[in-house]
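Read the structure below first, then the notes.
Every number in this text was worked out from the coordinates using simple rules, so none of it is lab data. Predicted, not measured: the structure shown is a model, and the values here were computed from it. Positions of Cβ are generated from backbone atoms using ideal geometry, with glycine treated the same way; all protein chains shown enter the neighbour counts.
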Amino acid sequence: MRQRDSLWSRMQGGMFDVAIVGAGINGAVCAAALSARGARVLLLDRGDIGGGTSMQSSNLVWGGIKYLESLELGLVRSLCRSRNTLLSAYPTAVREVRFLATHARGFRHSLLKLWAGSWLYWLLGGGFTRRPRLLPATRLAAEEPVLDPAGLSGGFEYSDAWLPDNDARFTFGFVRDALRSGAVVLNYSEARSLQRRPDGTWSLQLRDVDGGREADCGARFLVNAAGPWADALNSGSGLATRHHHVFSRGIHLIVDRVTDHERVLAFFADDGRPFFVIPMEGRSCLGTTDTRVGAPETQVTAEDRRFVLDNVNRRLRLARPLTEREIIAERCGVRPLVVAPGGRDEARDWTHLSRRHVVESRADERRLTIFGGKLTDCLNVGEEVCALLERMGCALPHRHAAWFGEPSAQAREAFEREALAVGLTATASQWLWRRYGRDAAGLLRAIHDDPSLALPVVSGGSLLRCEVRHAAAHELVVRMEDLLRRRTSLSLVMRRETLVGSAGLRQACGELFGDEAERRWDEWLETTAPSRDT
């Protein structure tokens, strides 16, 4: 908490070049890009970093193969290029993964047509990944025994990309880079008022959602990166925009793994939409749904659960059908889909709207609003916002500075050798590097000084004691959920009763919050108490 107090003090009364409201993936990449290029940046969010849509995705970094059906070839090409850049820049945090897609007899498109589509997808992606492969029905059972071959005419395999750690952790990596470049980052900090001053700059009145304190600061330019809440932020400040959002709720259920293979199983749900079984830290993530909702605040319904479980049970040969008792955790969020009034998107079936992004600029008001987008396209958002702000007069003295990517392969190999020397397993070494990059060396030094810091906090979990110490000092953890759900995936892949009963986790809570540990523990118990819609 001392880190957050220090950042709050730096913010008070300050004048920033750019204030970014919203610390999801779009706000995070903007903060990283702008601060690396010399701008003085304030990034704030009324919740936690990556606490909205950016923690509810499928963990897939994909080029949008489904947009081939609507012939959005330019969008697919752009997303594939973005995916390829992420694969190159983050070789451990973003990895190629194979998709095994099945084809049911009588589906609206033939198997050969879908296979040809996978080749077009590969070509639009510049042949960057492994080639597609056609699988006759007789091969499916051998390739993936869990698939029920009844009613299938075959399948095909193709490649996309995937986050071995969760989406919120990937988002935090950009925030960590922004902090390293001097940005002020404030989670649980609400912009109560955004006002234009006579000189054209912005006045911000902020409130600490967690502690109640208030402060003022200023900014020369404003970026609205509030994701699904961008429209409300603009309207609440009297700011008119041409674009707006509609919302689609997507949910996932996490269960014990249903296949031993580290690949994504893809098929078409009963309503014809793509449906996935995705590997997640020794578990399987099932989904997604696509339900139009009127507001960003939403939750999993009993109908959502039945839809997901029924689709999986009908397509997989399991020892016994999955029921709600097998659900370890749930993910639920909205996709903010951008539309322009009077445009062709306004008249389209909302289920066919793509996840493209639009950055709407108002030079006369020195502000930008980011609409839509998806994690795959995040680097383009960062570059586009830098270019637009520079054209509006924002000085970026280091305009060509690199702002994303992992350290070199040589640095990673040196880290892995040092990790082996202090007794870490190869698996633990890999996740420390993925999560912390150049900061991972500091965790190794801590383990060297105190080998007990290499022990897991929760038996069977992928959180080490050294990570808790690091999070307390450097990762803006305000609540237990920040650590368990966003800095790590622990609450997604471990049952709540296991976490609640863990003495190691209680000890970690004490290290994080000191005298406030009991209150923070009780707060977590209350906010994560089971309350499923029936």
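Which trypsin sites (Lys or Arg not before Pro) in the range 142-235 sit in a loop by DSSP (not H, G, I, E or B) and have at most 13 other Cβ atoms within 10 Å of their own Cβ? Here the trypsin sites (Lys or Arg not before Pro) that fit, given the DSSP loop and packing criteria, are Arg213. Ranked for footprinting exposure by Cβ neighbours inside 10 Å, fewest first, Phe99, Phe128 give Phe128, Phe99. Here is the result for the range 484-534: no GluC sites (Glu not before Pro) lie in DSSP coil with at most 16 other C-beta atoms within 10 angstrom of their C-beta.
Computed over the alpha-carbon atoms, the range 207-328 gives an Rg to Rh ratio of 1.13, Rh here being the Kirkwood radius from the mean inverse distance. The mean sequence separation of alpha-carbon pairs under 8 Å and at least six residues apart, normalised by the residue count of the range 409-527, gives a relative contact order of 19 percent.
What fraction of the Cα pairs in the range 325-439, stated in percent, has a spacing above 24 angstrom? Value for the range 325-439: 57 percent of Cα pairs lie more than 24 Å apart. For the range 193-287, relative contact order (Cα pairs under 8 Å, six or more residues apart, normalised by length) works out to 17 percent.
Average projection, convex hull of the Cα set of the range 85-188: 9.8 square nanometres. Listed peptides 228-238, 468-478 appear in the order 468-478, 228-238 once ranked by packing, highest mean of other Cβ atoms within 10 Å at the front. Dipole magnitude for the range 422-478: about 120 debye, using +1 per Lys or Arg Cβ and -1 per Asp or Glu Cβ, origin at the Cα centre.
Once the Cβ-Cβ distance of Ala232 and Asp271 is raised to the sixth power relative to R0 = 30 Å, the FRET efficiency obtained is 0.50.
Can you give me the Cα centroid spacing of the range 183-199 and the range 244-322 in angstrom? Centre-to-centre (Cα) distance: 37 Å.
Take every pair of alpha-carbon atoms less than 8 Å apart whose residues are at least six positions apart; their mean separation over the length of the chain yields a relative contact order of 19 percent. Model label points for Gln410 and Ala240, set 7 angstrom from Cα along the Cα-to-Cβ axis, are 5.8 nm apart. In the range 209-305, a dipole from Cβ-located charges (positive for Lys and Arg, negative for Asp and Glu) runs towards its positive end, and of Pro296, Trp229, Val264 it is Trp229 whose Cα lies farthest in that direction. Using the Cβ-Cβ distance between Ala340 and Glu69 with R0 set to 22 Å, the FRET efficiency from 1/(1 + (r/R0)^6) comes to roughly 0.50. State the Cα centre-to-centre distance between the range 416-495 and the range 14-61 in whole Å. Value for the Cα centre distance between the two parts: 23 Å. Stretching Asp260 away from Ala363 to a fully extended chain increases their span by 31.7 nm, per 0.36 nm per residue minus the current alpha-carbon distance.
So if each residue of separation counts as 0.36 nm, and I subtract the Cα-Cα distance between Arg314 and Val293, what length gain in nm does that give?
Using 0.36 nm per residue and subtracting the Cα-Cα distance, I get 4.9 nm.
With only the Cα atoms considered, the range 131-251 has a convex hull volume of 237 Å³ per residue.
Equivalent-ellipsoid semi-axes for the range 409-527 (Cα gyration tensor, √(5λ), whole Å, largest first): 26, 14, 13.
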